[in-house]
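Written out below as structure tokens is the structure these notes cover.
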Amino acid sequence: MKLDILNTENKKEDLQISDSTFGKAFNETLVHQAVVTYLAGARQGSHKQKTRSEVRGGGRKPYAQKGTGRARAGTIRSPIWRGGGVAFAATPRDYSKKINKKMYRAAISSIFSELHRNERLVAIEQPKFETPKTKEMSRFLKQFNLEKVLIILDEMDTNLYLSARNIPHVEVVTVKEINPVILLRSEKVAVTPAAFKLIEAWV
């Protein structure tokens, strides 16, 4: 299949892309699994609450077992006492889930294929800036109706990144930074020809 390369000089250039990578059927179950795995892996899992054994104090029985008319108590750090420990305390844990590399790559390919079917995937010639120029970058995006876009490069271009950094709804990433969440939430995805080759080799 072919994609028209968008460039500032309005030259008509075609880019041949792989059918096996960008022409797959959308596998919703697999994509969902990849998204859940990615989001779970991003969780810190560093939450911590103290149990009754970890709260300072409470080593002495507060009052006699019998004769007070009150419910028996062995420590002031019981979960039912103010200042006591937490009954079912949260402890640090690892939320990450496992997904096979082939399944993850297949999910990425499935997402790219769906983006292409919905005309949300475009090929662009990478704009070159000698210095960061937000105005020029904004003009370039408006020229191709790409106000809300994810731009994927083969290698990070610092001037391009800084030019787009302050433009709302515009993100610049490399192929190595691609993940299912960032692809799905983007209104349009613009990929350079060099990045397309890397994606095909990876997926």
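FYI, it's all coordinate maths here, none of it is from the lab. Remember, predicted model here, so these are calculated numbers, not experimental data. We place every Cβ from the backbone using ideal geometry, glycine too, and count neighbours over all the protein chains shown.
Residue-level check: of (1) farther than 30 Å from Asn118 by Cβ; (2) among the polar types (S, T, N, Q); (3) surrounded by fewer than 14 Cβ atoms within 10 Å (Cβ to Cβ), Ser78 misses just (3). Selection of region 111-130 for residues being touching a strand residue (DSSP E or B) at 6+ places or on another chain (Cβ under 8 Å) and of a type in the set (A, V, I, L, M, F, W, C) yields Phe112, Leu115, Leu121, Val122, Ala123, Ile124. For region 27-49, the candidate set comprises residues that are exposed (fewer than 14 other Cβ atoms within 10 Å of the Cβ) and among the hydrophobic types (A, V, I, L, M, F, W, C); within that set, the residue that is farthest from Ala106 (Cα to Cα) is Ala42. Of the residues making up region 83-128, those that are surrounded by 14 or more Cβ atoms within 10 Å (Cβ to Cβ) and of a type in the set (Asp, Glu) are Glu114, Glu125.
Enumerate the helices (runs of 4 or more DSSP H) found wholly within region 131-203, keeping only those where 2 or more residues are more than 17 Å from the chain's Cα centre (by Cα), in contact (Cβ under 8 Å) with a residue 24 or more places away in the chain and surrounded by 14 or more Cβ atoms within 10 Å (Cβ to Cβ).
134-143, 158-164, 193-202
Residues of region 102-127 that are charged (D, E, K, R), free of Cβ contacts under 8 Å to residues at least 12 places away in the same chain and part of a loop (DSSP other than H, G, I, E, B): Glu119 alone. Ile99 meets the stated requirement of being within 26 Å of Ile17 (Cβ to Cβ) and assigned to a loop (DSSP other than H, G, I, E, B).
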